[in-house]
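Below is one structure, written out as structure tokens, with a few remarks after it.
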Amino acid sequence: MTLLGVNRHELHPQFGHAQPAGLLVADVQQLKDLGANFVRGSHYPLDPLFLDLCDEAGLLVWEESIGWQYPVEHLTDPAFVESQLAHIDEMVAAARNHPSVILWGVLNECPSWSEAGYPVYERLLGRLRELDATRPVTYASLNAHDDKCFDLVDVVSANTYPGWYWGDVPGIPAEVDRIAAHVDALGHAGKPLIISEIGAGAVPGWNDANRSLWTEDYQTDLLTTVVDHVIGHDRISGLAIWVFGDFRTTEHRDMLLKRPRGVNDKGVVDEYRRPKQSYKAVRERFQEHRRKA
């Protein structure tokens, strides 16, 4: 079975990070409507009620400890590492009895490319295995081509944004294949490979005749190319589109000025869960795969 789903932030314009139960139910229902069988927490443990709902709905979950693009200086700070270990202990204690959780993750897009980062990844992933030897462990790599820690995981996971931050849509299949070939060349051909983030921004309702950047048309073209290539790929075990719903970005001015509305617009639904054009295209493909499986 191929894991097909999305990354998901627990965030809403009206409720912030404290989503009411009804909204959590609606999110799970919408993920099921999308045809997803898989959801990744981004980048912190998910609400226990959301995990309960995933248990009931049969949605498989990547549960992840808190972390996003920490610098090497953090990873080499003993106090930071101890805090990460304590957080992992709390995460596993809270979520280990949820059958929906199939994968533990740490340190999203952190310096797994650095020699200094290696012992930290080794220690944190080792703690996960000590606490729960029944589930595989992973982390989302920011640059798979330079990564030094893939030997530490059970599942290799790569974040990549061809067609968005660089390259073009027609080049996406070749880049996905290049990542797979590189992972195999490192000696990890026996490990499952997940494309853990990939996507494009789309301002809700924005379209033009050129299907240009930031339009719903462009996002749809990119995501259909991704899904069509991944489904049936003999080397890719899973896909998590970035992202389920739009969400407010950081208050840093440099980031705000690069993102229309001050929002990360890569959702297949907007921040109020209203589907974009890409939602229908992804849904058709996910649902068709489920019917054939």
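Here is how the numbers come out for the structure above:
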item	result
Distant-in-sequence amide H partners of SER157 (H built 1.01 Å from N, under 5 Å)	TYR139, SER141, ILE194
Euclidean distance between Cα centres, segment 265-282 to segment 94-128, Å	29 Å
Dimensionless Rg over Rh [segment 135-189; C-alpha; Kirkwood]	1.00
Solvent-accessible heavy-atom area per residue, rounded to whole Å², over segment 127-172 at 1.4 Å	40 Å²
Shape parameters for segment 201-264, alpha-carbon atoms, Rg then Dmax in Å	14.3, 42
Amide H within-cut-off set for VAL263, under 5 Å, with H built and near neighbours excluded	THR249
Computed FRET value (nearest 0.05) for ALA94 with MET1, which takes r as the C-beta separation and R₀ as 35 Å	0.85
Cα-based shape type of segment 27-178, given that a ≥ b ≥ c are square roots of the gyration tensor eigenvalues and the cut on a/c is 1.5	oblate
Antiparallel DSSP beta bridges within segment 1-63, as percent of all bridges there, nearest 5	10 percent
Accessible surface, segment 201-269, averaged per residue in Å² (probe 1.4 Å)	44 Å²
Compactness index (Cα Rg / 2.2 N^0.38 Å), segment 1-113	1.12
Accessible surface of the chain [probe 1.4 Å, protein heavy atoms]: carbon and sulfur percent	55 percent
In Hz, Karplus ³J(HN,Hα) per residue of segment 131-140 (6.51, -1.76, 1.60; θ = phi - 60°; x = Gly, Pro)	6, 8, 7, 8, 10, x, 10, 7, 8, 8
Long pairs among LYS191/LYS276; LYS258/LYS280; LYS32/LYS266; LYS191/LYS292, criterion Cα-Cα beyond 30 Å	LYS191/LYS276
Dipole magnitude of segment 54-103, debye to nearest 20 (Cβ charges: Lys/Arg +1, Asp/Glu -1, about Cα centre)	100 debye
Segment 135-165: chymotrypsin sites (Phe, Trp or Tyr not before Pro) in DSSP coil with no more than 13 other Cβ atoms inside 10 Å	TYR165
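The values are calculated or read from the model by the stated rules, or taken from the named source; none is laboratory data. Not measured: the values here are computed from a predicted model. Positions of Cβ are generated from backbone atoms using ideal geometry, with glycine treated the same way; all protein chains shown enter the neighbour counts. Ligands, DNA and RNA are excluded from the accessible area calculation, which covers all protein heavy atoms including side chains. Shrake-Rupley method; radii C 1.70, N 1.55, O 1.52, S 1.80 Å.
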